[in-house]
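Visitor: I am attaching a structure below and will ask some questions about it afterwards.
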Amino acid sequence: MEPKDSVSRRGLLTGGVALAAQSGTLLAQTKMAAPGRKFRGWISRGTGPGRTTLQELTLRPISGRQIVVRTEATNLCYSNSTDVLGLSPPGLPRAVPLPAFLALSRMALIQGHGGVGIVEAVGPEVRRVEVGDRVCVSGTPQCGSCYQCLRGRADMCQFLGRQGPSDLVPIADMRDGTPVYANSHIGGLAELMVTFEEWVVPVFTKASAADLGMVCSCVSVAGLGCTASQVLADVGIGSVVAVVGCGPLGLSAIQGARIAGAATIIAIDPIRVRRDVALKVGATHILDPNEEGDKLVERVRGLSNGPNNRLWAGGRDSGGLLGGAGADFVVEAVGADRAKPKLEAGPDPTGILPIQQAYMMCAPGGHIVTTSLPTGNITLPAVVFTIGGRTHHAGQYGGANPMRDIPRFVELLDKGQFDAKSLATTIVPIEGMLDAYQQVIDRTTLTALMTA
């Protein structure tokens with residue numbers, strides 16, 4: 001017989017079940033969203049310029065693992081610009097096949113790649129966040145249960161591929177009753193985001209909406225993921241890092257390389273103002289690919305040919321197939337032009353040449369992380385590819401693990417190690433979204449954020 005004041009295993013179990021049931025009832029009673037709430041959102045529908053308009057929407061009831069987030073800030077991502085502005089240059093790479101794209105174009109869709117905000121309601125099955133939490137609606141989900149998540153590759157969470165027209169669920173209605181859906185289950189270009197639990201990461205910070213929106217943006221998380229998450233490869237202390245393309249993703253990668261302890265950080269971009277920002281946030285050298293031309297790879301090798309060329313004394317040189325010169329770690333972040341830029345254009349609008357150069361400027365034994373959306377096919381020297389010692393990583397989200405890494409990146413912001421303000425060069429209210437997106441596609445701004 002057990003002593004009177006002891007706690008039996010069965011008692012713990014039955015008490016725990018009762019407590020969980022009571023907690024679940026309370027959650028269901030107090031944290032469900034009130035249906036019928038009005039909010040504003042940018043709706044993309046049809047094709048061509050003018051397809052995206054600001055509309056008043058009516059929120060639908062949520063259920064299960066759904067979460068309602070009041071938007072504080074969202075990044076206006078360059079890769080989403082043609083869908084928002086109704087531009088579609090021939091050959092532009094798409095995340096979904098053409099039939100699915102056409103089906104999506106007929107739907108009323110809130111575009112966007114997530115953002116940051118405050119949880120206003122949760123479905124009865126949600127465990128990750130509570131009402132009142134500040135969260136990042138991540139550009140990549142992390143379910144924690146799929147094949148990829150269980151193997152440490154949450155950047156490849158298989159829920160990321162479940163965003164076709166038959167996968168999306170209506171979250172609101174237009175005035176005429178047309179159902180409204182969120183791009184990739186997350187949206188962002190609205191006063192509310194309605195998403196699922198696997199896309200949401202709680203963050204505990206008092207940072208401003210703009211600063212938090214910048215560090216939690218899909219581009220910053222991908223850039224920091226490349227060089228600071230240590231999922232794909234490590235940036236070693238004292239190493240040489242080259243970053244090809246200094247948009248917000250590349251500039252975030254530069255900051256991650258600085259934080260990781262790289263000694264030499266080479267920033268490569270045709271736009272002068274972006275090279276200037278690169279120096280401000282951590283680059284030690286800057287190169288203009290237009291000015292360097294065919295000599296770009298040799299210039300990078302020259303900047304990384306040291307500390308001496310005495311092989312018995314730890315040195316390296318550039319001679320032969322396995323010559324040691326070159327960057328230890330290369331991040332490629334250029335991609336195809338979605339429209340002709342109004343500032344300095346790069347040497348190849350398809351984005352193929354920068355990838356080839358990134359591969360060739362990497363040292364044998366080094367790592368290349370590619371993050372862009374180019375157009376076309378890549379040709380590389382066969383022997384360099386087969387036995388040249390370079391390791392290529394396809395950098396979806398930079399390899400970042402959202403639940404682990406996004407809070408870490410927010411901590412870097414709070415401790416002053418990540419410079420968000422230098423990257424967020426345009427901040428607009430919801431009414432100014434289209435004008436800001438035009439700046440993004442023109443490349444006359446570095447990063448645009450919409451606040452709601």
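Visitor: Out of (1) open to solvent by less than 20 Å² (accessible area, probe 1.4 Å); (2) within 17 Å of residue 366 (Cβ to Cβ); (3) modelled with pLDDT of 95 or more; (4) assigned to a loop (DSSP other than H, G, I, E, B), what's the single condition that is false for residue 265?
Guide: All conditions pass for residue 265, except number (4).
Visitor: Which numbered condition in (1) open to solvent by less than 20 Å² (accessible area, probe 1.4 Å); (2) touching a helix residue (DSSP H, G or I) at 6+ places or on another chain (Cβ under 8 Å); (3) more than 22 Å from residue 268 (Cβ to Cβ) is the only one that residue 368 fails?
Guide: In the conditions (1) open to solvent by less than 20 Å² (accessible area, probe 1.4 Å); (2) touching a helix residue (DSSP H, G or I) at 6+ places or on another chain (Cβ under 8 Å); (3) more than 22 Å from residue 268 (Cβ to Cβ), residue 368 misses (3) alone.
Visitor: Only one of 253, 222, 228 is in contact with a Phe, Trp or Tyr (Cβ under 9 Å, 6 or more places away or on another chain), crowded, with 21+ Cβ neighbours inside 10 Å and under 26 Å from residue 345 (Cβ atoms); which? Please lay out each step first, then the result.
Guide: Working: 253 fails: in contact with a Phe, Trp or Tyr (Cβ under 9 Å, 6 or more places away or on another chain); 228 fails: under 26 Å from residue 345 (Cβ atoms).
The match here is 222.
Visitor: How many residues are part of a helix (DSSP H, G or I), modelled with pLDDT of 95 or more and out of contact with any strand residue (DSSP E or B) (no Cβ under 7 Å at 6 or more places or on another chain) when one looks only at the stretch 180-232?
Guide: Residues flagged as part of a helix (DSSP H, G or I), modelled with pLDDT of 95 or more and out of contact with any strand residue (DSSP E or B) (no Cβ under 7 Å at 6 or more places or on another chain) within the stretch 180-232 amount to 10.
For every residue, the table says whether it meets (1) free of Cβ contacts under 8 Å to residues at least 60 places away in the same chain; (2) on the phi > 0 side of the Ramachandran plot; (3) surrounded by fewer than 18 Cβ atoms within 10 Å (Cβ to Cβ); (4) out of contact with any strand residue (DSSP E or B) (no Cβ under 6 Å at 6 or more places or on another chain).
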position	(1), (2), (3), (4)
121	no, no, no, no
124	no, no, yes, yes
131	no, no, yes, no
136	no, no, no, no
139	no, no, no, yes
144	no, yes, yes, yes
158	yes, no, yes, yes
162	yes, no, yes, yes
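Visitor: Another one. Out of (1) touching a strand residue (DSSP E or B) at 6+ places or on another chain (Cβ under 7 Å); (2) over 29 Å from residue 111 (Cα atoms), what's the single condition that is false for residue 238?
Guide: The single condition residue 238 does not satisfy is (1).
Visitor: Quick check on the stretch 25-54: of everything there that is charged (D, E, K, R) and modelled with pLDDT of 90 or more, which residue is surrounded by the fewest Cβ atoms within 10 Å (Cβ to Cβ)?
Guide: Here is the first cut: in the stretch 25-54, the residues charged (D, E, K, R) are 31, 37-38, 40, 45, 51.
Narrowing further to those that are modelled with pLDDT of 90 or more: 37-38, 40, 45, 51.
On the way: 37: 16, 38: 12, 40: 16, 45: 17, 51: 18.
Selected residue: 38.
Visitor: Quick check on my filter: what residues within the stretch 122-157 are among the aliphatic types (A, V, I, L, M) and in contact with a Lys or Arg (Cβ under 6 Å, 6 or more places away or on another chain)?
Guide: So in the stretch 122-157, the residues among the aliphatic types (A, V, I, L, M) come out as 122, 126, 129, 131, 135, 137, 150, 154, 156.
If the condition is that a residue be among the aliphatic types (A, V, I, L, M) and in contact with a Lys or Arg (Cβ under 6 Å, 6 or more places away or on another chain), then 122, 126, 131 are the ones that fit.
Visitor: Of (1) modelled with pLDDT under 95; (2) open to solvent by less than 60 Å² (accessible area, probe 1.4 Å); (3) among the charged types (D, E, K, R), residue 310 satisfies all except one. Which?
Guide: Exception for residue 310: condition (2).
Visitor: Among the listed residues 277, 300, 273, identify the single one that is surrounded by fewer than 20 Cβ atoms within 10 Å (Cβ to Cβ) and touching a residue at least 60 places away in the same chain (Cβ under 8 Å). Before the answer, list the steps.
Guide: Details: 277 fails: surrounded by fewer than 20 Cβ atoms within 10 Å (Cβ to Cβ); 300 fails: surrounded by fewer than 20 Cβ atoms within 10 Å (Cβ to Cβ).
Answer to the selection: 273.
Visitor: Please count how many residues of the stretch 418-452 are under 14 Å from residue 214 (Cβ atoms) and either of a type in the set (S, T, N, Q) or at pLDDT below 95 (or both).
Guide: Selection size over the stretch 418-452: 6.
Visitor: On to the next question. If I ask for residues that are hydrophobic (A, V, I, L, M, F, W, C) and open to solvent by 50 Å² or more (accessible area, probe 1.4 Å), which ones from the stretch 335-365 would you list? So that I can check it myself, show each step before the final result.
Guide: Going residue by residue through the stretch 335-365, those that are hydrophobic (A, V, I, L, M, F, W, C) are 336, 339, 343, 345, 352-353, 355, 358, 360-363.
Once the filter is applied, which keeps residues that are hydrophobic (A, V, I, L, M, F, W, C) and open to solvent by 50 Å² or more (accessible area, probe 1.4 Å), the stretch 335-365 yields 343, 353.
Visitor: Quick one: in the stretch 128-164, of everything that is small (Gly, Ala, Ser) and assigned to a loop (DSSP other than H, G, I, E, B), which residue is nearest to residue 98 (Cα to Cα)?
Guide: Per the stated criteria, the residue is 164.
Visitor: For the stretch 351-369, check the following and say yes or no: at least one residue is farther than 22 Å from residue 80 by Cα and β-branched (Val, Ile, Thr).
Guide: Looking for residues that are farther than 22 Å from residue 80 by Cα and β-branched (Val, Ile, Thr), one finds at least one in the stretch 351-369, hence yes.
Visitor: A further question on this structure: Since residue 293 meets every condition but one in (1) surrounded by fewer than 13 Cβ atoms within 10 Å (Cβ to Cβ); (2) part of a loop (DSSP other than H, G, I, E, B), which condition does it not meet?
Guide: Evaluating residue 293 over (1) surrounded by fewer than 13 Cβ atoms within 10 Å (Cβ to Cβ); (2) part of a loop (DSSP other than H, G, I, E, B) leaves (2) as the failure.
Visitor: A further question on this structure: Only one residue in 443, 408 is among the basic types (Lys, Arg) and buried (at least 19 other Cβ atoms within 10 Å of the Cβ), so which one is that?
Guide: Working: 408 fails: buried (at least 19 other Cβ atoms within 10 Å of the Cβ).
Testing whether each residue is among the basic types (Lys, Arg) and buried (at least 19 other Cβ atoms within 10 Å of the Cβ) leaves just 443.
The values are calculated or read from the model by the stated rules, or taken from the named source; none is laboratory data. This one's a predicted model, so the numbers in the text were calculated from it and none came from an experiment. Here the Cβ is made from the backbone with ideal geometry for all residues, glycine too, and neighbour counts use every protein chain on show. What goes into the accessible areas is simple: the full protein's heavy atoms, side chains included, and nothing from ligands, DNA or RNA. Shrake-Rupley method; radii C 1.70, N 1.55, O 1.52, S 1.80 Å.
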